[in-house]
Structures are given as C-alpha cells and as structure tokens.
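Structure first, then comments.
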Protein chains: 2
Amino acid sequence: MADTGAKMVEPIKAIPEPTLRRLPMYYQYLKRMHEEKKLKYISCTQIGNDLRVQPIQVRKDLQVANAVGKPKTGYDVEELIGIIESFLGWNNSTDAYLVGVGNLGAALLGYEGFNEYGLNIVAGFDTNEQKIGKEIGGKKVLNISKLADMINRMSIKIGILTVPASVAQEIADVMVKAGIHAIWNFSHVKIVVPPDVIVQHENLASTLGVLSKKLAMALKAKVAE
Amino acid sequence: MADTGAKMVEPIKAIPEPTLRRLPMYYQYLKRMHEEKKLKYISCTQIGNDLRVQPIQVRKDLQVANAVGKPKTGYDVEELIGIIESFLGWNNSTDAYLVGVGNLGAALLGYEGFNEYGLNIVAGFDTNEQKIGKEIGGKKVLNISKLADMINRMSIKIGILTVPASVAQEIADVMVKAGIHAIWNFSHVKIVVPPDVIVQHENLASTLGVLSKKLAMALKAKVAE
DNA sequence: TAGATTGTTAATCGATTAACAATC
DNA sequence: TAGATTGTTAATCGATTAACAATC
C-alpha cells in the first residue's frame, strides 16, 4: 500500500494477556543481566533457558512489545529494557492510592520496589483511628473519608484495594465515582465496575490452589509407589 | 470394560491450570453464599453471573473437581464446598515455613486467612538479628541457620520464599536439600529445583504489567477521542 | 408434564510450538 | 562464506464455548 501521507492509525491488535504477564519477567531478568553482568546483547535462547520459557515464545512476546533484534547477535539489552518499559507504560510513573492498611496493605504501602514498575503509591487510607496520621515507609495513612475528594483533586489513576471482602464493593464504588481509572483488587470478592474502569484481580488463593493440588498429587503418587 | 475386581488406578488426566486457579474463587464465593445467605442449592448460571465467568465454564470446572449436581436444582452448596476443599487438599492443613521476614514476608506471616486454604505457616526465618526471636501474629521468627534442620525434623512440606532476588536460589537450595516438597516463590527470580519439587511463582509485577498496559491503552484512547 | 438445569460431545478460538525463510 | 539468530507463516495443541441430550 502506498503511503498516502495520512496519519496511520495503528491497528488495535489484541495483546495476549499471557504475553503481558511474561513481559515483566523478562524486564526484571534483563535489568539484572544488564546491571550485574553488563551484558550488551542477548538472544531469545538465553532468555528462554534462564527463565524456563520456550525461546520462540520469548521472541513472539518481544515482537508484541515491538522489539527488533539483529540476526546472529540478538537483542540490545539496554534498548530492550527501554522498549518493554515504554510498552507497559512504566517509563513514567502513575500515582496510586491504597485503601485498607491491614497486614497486606501496610506491606504494599511500605514496599519500595513498585517504583521500578511505574507505580507510585502516594498514600494509604483506613478507617482505623489508630492508623490514621501514622506513616508507613514514608507514606501517610489518611482518613478514608477524604478518599473521594483526594482522588478527584489529585487525579489519581490507580486505586489499590486491600480491604476486607465485606466492604470492597463499597470502597470500589467510591473510587469509581471519584474518577479512578483502574483498580488493583486484592480483596476476595469480584467487584462490579463500569466497563471503562479497569480491574485487575490479585488472589493469592488462586496460586495456592495450583500449588496445593500439585502437592497433593505428588504426595499421593509417592504413597502409591 | 467389566470390573475385574482389581483396584482401579484413576487415569491421570491433566487438570487445566486455569481451572485450578478458578476453583479457589468458587470456593471463596460459595463459602460466602453459604454463611451469609444460608443458600442450600446453587446453579452454574448464578455462580457465573456473580463471578463474571461463563456458566458453562463453571460447570466444566466443577466437573473437573468431581462435583455432581442435580438437574433443575443445581449443586448442593455445602457439598460443593467440601468437594472443592478435598479436591485441592484443603481439608487437612499443610505446614509451611516462611523465609525472609521483610515487608511482604511479615504480612504473609501475620495473615490469618491462609488456614482457610489448608496452609499453616508455622514459623518465619530471617538473618536479621533484630527480627530473630520476635513474634509476628503469634509466629516465631527463627535464625535461618536452623532452617534445614527444622524442615527435616518437622517434615515441613511447603517453603515460602520472600527473600531478595540475590539469595533466593541459595535459600531454595537449602530447602530442597532439607527435603521440602513445594516452594511458593515470591522472589523476582526463577529458581531452579529438581523436577520432583513443585515451584509456584507469585509475581505481583505480572499482574501489574497487565494493569499498566490496559491503563496506558485506555488513557491513550481517551486522548485520541 | 414442562421446563430448567446438569452432563456430554462437538466446534471454535486463541495461544503455543514448529518449520522455514531472511539476514547479519 | 557459513552459521547463528531473528522474523514470519503454518501447524498443533489446549482451553473455551456451543449444541444438544439426559434428567429431575
């Protein structure tokens, strides 16, 4: 097709979610290889071997992220890091509020590593008077009554939900009404939101389910021996 | 085939991992429905509607877990809970040690909810003298030098790895050598273990990758409007 | 009985893997 | 150049969904 000079609209090809879940793994790995080994180029074979992923799958995934490699030499590590970073939108950080400063909430609030993934948790919110006003990892814990107003005023994009199941929907509703764009839901209930709000559900019990079943089968097999 | 009277060995049909990841969701949901609504029977349609899963998929998943329903009435909620529980091996709890009592490690150690999923974290281990001897949620934090001996002596089945990437493999090696059966790996590196040891990798960055990309695309679409 | 729901078999869809061409 | 590695197109595999039969 001849270039008509008109601005081409990128065809919106769906990005496979498994790919989206693997890219962060590559990213973490590449950063380590870059910092520790000062590696300049890397091949899909090596990435695949180290991360136990089929090399061809690595190549496909990187292709999705718009990476371009050189035959015979592989991919430029530094460039690749940058490409994944900008593909996932991790090159500039997004502000988030966390609601529910319990065990898990406090851990996430205090975790410094999220900055690496473009996530900046600005503050925590809770109902517990004991916690309000305190700081965790330099992040203030505020009264939940201020949540809606502050999401709105600070144009917060991401809400992290670490509250008990019983109030998850209620808090989600407040977030949505205040204009949040995405919710990272650590509660054990499926929350209902309008279609334009992104919800990503994180449930440790799911992984634990896989682990438990595999373990149960392995132990059973051992007994049967 | 006629029943020969010989003990039938169940055919080892592979269980789809997506199913294994959804079963805990159903489990959590059913328990809520049972406790709060005192519901006696439930249909796949209702489960599917509430959890945003195709009803037919719910039925398939429950079938994998060996659940049997009654046409027209659905599944007996209490029975179903029990079936999923025993299918995942959550009816009797498995002891686990947690290594690395940082932010996340401490949160997991202090989290009471795991008992519901057949996981009993017995103790934590760390190298930090400040932490050793302390208790978190009633669980002792012990010196990591005792890890191998205690895994062995107490026949601990599951190791939870919440250590920095730099030492993850090293600790995993200790666990494996001491006879651990499964490792729940929260570190950011892929650890290498013998084929008979089960490893389940939990990486928040993966979910965050999906969330970030979806958010980036949504915001881009909004700007393009 | 009629109809809702489960159970089962078949069709579809999408992700992974394989095969091969292009290229440095 | 030869060969290793990327890039691309095709085949396979497995999970999801659809269609329909069975049953309470």
- As a check on your grasp of the helix formula, calculate [θ] at 222 nm for chain A: sum -39500 (n - 2.57) over DSSP H runs of n ≥ 4, divide by the residue count, round to the nearest 500. -14000 deg cm²/dmol
- With A:Gly124 itself left out, Lys, Arg at +1 and Asp, Glu at -1 over residues whose Cβ is under 10 Å from its Cβ give +2
- Quick one: if you take sqrt(5λ) for each eigenvalue of the C-alpha gyration tensor of the range B:91-225, what semi-axes come out, biggest first, whole angstrom? 32, 17, 15
- Over the Cα atoms of the range B:1-129 the radius of gyration and the largest Cα-Cα distance (Dmax), both in Å, equal 18.5, 65
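Order by neighbour count: A:Val122, A:Val99, fewest other Cβ atoms within 10 Å first, most last. Write down the numbers at each step before the final one.
On the way: A:Val122 16, A:Val99 26.
Going from sparsest to densest Cβ surroundings: A:Val122, A:Val99.
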- Whole-angstrom gap from the range B:38-86 to the range A:167-207, using each part's C-alpha centre: 24 Å
- Message: Order these by the 10 Å Cβ neighbour count, fewest first: B:Ser187, B:Ser166, B:Ser43.
- Response: B:Ser166, B:Ser43, B:Ser187
- Task: Over the range A:75-137, consider all pairs of different Cα atoms and compute the Kirkwood hydrodynamic radius from their mean reciprocal separation; express it in Å, one decimal.
- Result: 13.2 Å
- Assertion target for B:Met175, B:Met217, ordered by fewest C-beta neighbours within 10 angstrom first, is B:Met217, B:Met175
- Task: Using label points projected 7 Å from each Cα along Cα→Cβ, tell me how many nm separate B:Leu39 and A:Ser86, to one decimal.
- Result: 4.8 nm
- Considering amide H positions built from the backbone, and no H for Pro or chain starts, which residues 5 or more places from B:Tyr41, or on another chain, come under 5 Å of its amide H? B:Val77
- Task: Just tell me how shielded A:116-123 is by partners: mean number of partner chain Cβ atoms within 10 Å of each residue's Cβ, no decimals.
- Result: 2
- Message: Sequence gap at least 6, Cα distance under 8 Å: using those rules, report the relative contact order of chain A to the nearest whole percent.
- Response: 12 percent
- Task: Per residue of the range A:147-162, in order, report the coupling 6.51 cos²θ - 1.76 cosθ + 1.60 (Karplus, θ = phi - 60°) as ³J(HN,Hα) in whole Hz, putting x for Gly and Pro.
- Result: 3, 4, 4, 6, 4, 5, 5, 8, 6, 6, 8, 10, x, 10, 10, 10
- Rel. contact order, % - alpha carbon contacts under 8 angstrom, at least six apart, the range A:74-141: 31 percent
- Rounded, prolate or oblate: pick one for the protein assembly as shown, where a ≥ b ≥ c are the square roots of the eigenvalues of its C-alpha gyration tensor, a/c under 1.5 means rounded, and failing that, prolate if a/b is larger than b/c, else oblate. rounded
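Looking at the range A:1-152 only, what percent of DSSP beta bridges run antiparallel? Nearest 5 please.
35 percent
Return the inverse of the average 1/r over all pairs of distinct C-alpha atoms in chain A, which is the Kirkwood hydrodynamic radius, in Å to one decimal.
Averaging 1/r across every pair of different Cα atoms and inverting gives 20.4 Å.
Read the figures in this text as sums done on the coordinates, not as results from a lab. All values derive from a computational prediction rather than experimental measurement. Quick reminder, even Gly has a Cβ in these numbers, built from the backbone with ideal geometry, and neighbours come from all protein chains shown.
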